[in-house]
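The values are calculated or read from the model by the stated rules, or taken from the named source; none is laboratory data. Keep in mind it's a predicted model, so treat the numbers as computed, not measured. Counting neighbours? That spans all protein chains shown, and the Cβs are built from the backbone with ideal geometry, glycine included. Please note that ligands, DNA and RNA were not included when accessible areas were found on the heavy atoms of the full protein model with its side chains. Shrake-Rupley method; radii C 1.70, N 1.55, O 1.52, S 1.80 Å.
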Amino acid sequence: MTDAPTLFVLTGAGISAESGLGTFRDKGGIWSKFDPMKLATPEAFAADPTHVHAFYNARRQNLLAAAPNPAHAALARLEAALEEAGGRLHLVTQNIDDLHERAGSRRVIHMHGELLKARCLHCEEVVETRVDLSTAQACGACGRAGGMRPHVVWFGEIPLFMDEIETALLEADLFVAIGTSGSVYPAAGYVGLARRAGIPTHEINLEPSDNAHLFDGADYGPASEAVPVFVERMLAELREG
Ligand code: APR
């Protein structure tokens, strides 16, 4: 029995599109309706916290009404099977939704933060939240009000867990990107890092992404169909040993 592989999977908004959560850069995407510079930067929050809270409160309510789709479930199956066989699945997501966790994935790294968490600007405490945030909210840790913000990485801010992500990437036997346009760094640079490390790369997307030329292999189609097919292929290879 050969050693089971270690996979590094990077997901983007496309994996949650069929769960009813919007993507950003597709036709009719979130950034075609809202100006990210007025909603997803620290300056925007400082200038008009109520407007920013309203945007994220609406997305949080949308998320609570959404459900994982077969793509999320397939990745959770793959994580369990790889662990069972002595391998590993490092799942890194750009998404701020919790659909991977709700589908059963046990180890998810949210490099752009999480919509169901809030952070206090005064004391940095991070808390779970499923309710609307506002400037009236007092922090449960320091008691001060006016500083609770979405625990989401905004443009101009540093993504989370970058050292852990790069370490995980460099130990992978295969790099897979799912449902991401490959247009926002540092995530968009990870396929290049994998290639320079001699790691095979695979893209699963509705259509070729901006980085499509950097991938050794690809499956194109809706994630809820293409990801389960990919996972079944991986599981068959695992069974053959
Ligand atoms: N199945 C698979 N892929 C899909 C589907 C689907 N049903 N629908 C859309 N896609 C693909 C699109 O073709 C596109 O390549 O998902 C990708 C979504 O790209 P973006 O909207 O740019 O989302 P993402 O790559 O996750 O954006 C990265 O940008 O605004 C920031 O922080 C935000 O995390 C986000 C980051």
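General remarks:
- Some residue of the range 148-167 being hydroxyl-bearing (S, T, Y) and more than 16 Å from the ligand (Cβ to nearest atom): yes
- Scanning the range 115-170 for residues that are open to solvent by 40 Å² or more (accessible area, probe 1.4 Å) and closer than 26 Å to R88 by Cα turns up L160, F161, M162, D163, E164, E166, T167, L170.
- Residue within the range 54-62 that is more than 10 Å from the ligand (Cβ to nearest atom), of a type in the set (A, V, I, L, M), at pLDDT 95 or above and assigned to a helix (DSSP H, G or I) present: yes
- V127 vs. criteria more than 15 Å from the ligand (Cβ to nearest atom), in a strand (DSSP E or B), more than 29 Å from P208 (Cβ to Cβ) and not assigned by TED's automatic domain parsing to the domain that holds G221: yes
- Those residues of the range 42-53 which are in a helix (DSSP H, G or I) and loosely packed, with under 15 Cβ neighbours inside 10 Å, in sequence order: P42, E43, A46, A47, T50, H51
- Each residue in the range 189-228 was checked for being in contact with a Ser or Thr (Cβ under 8 Å, 6 or more places away or on another chain) and within 11 Å of the ligand (Cβ to nearest atom), and 4 of them qualify.
- Selection of the range 1-41 for residues being more than 10 Å from the ligand (Cβ to nearest atom), under 21 Å from A218 (Cβ atoms) and either among the aliphatic types (A, V, I, L, M) or crowded, with 21+ Cβ neighbours inside 10 Å (or both) yields L7, F8, V9.
- Among the residues of the range 78-90, not a single one is within 14 Å of the ligand (Cβ to nearest atom) and outside any loop (DSSP other than H, G, I, E, B).
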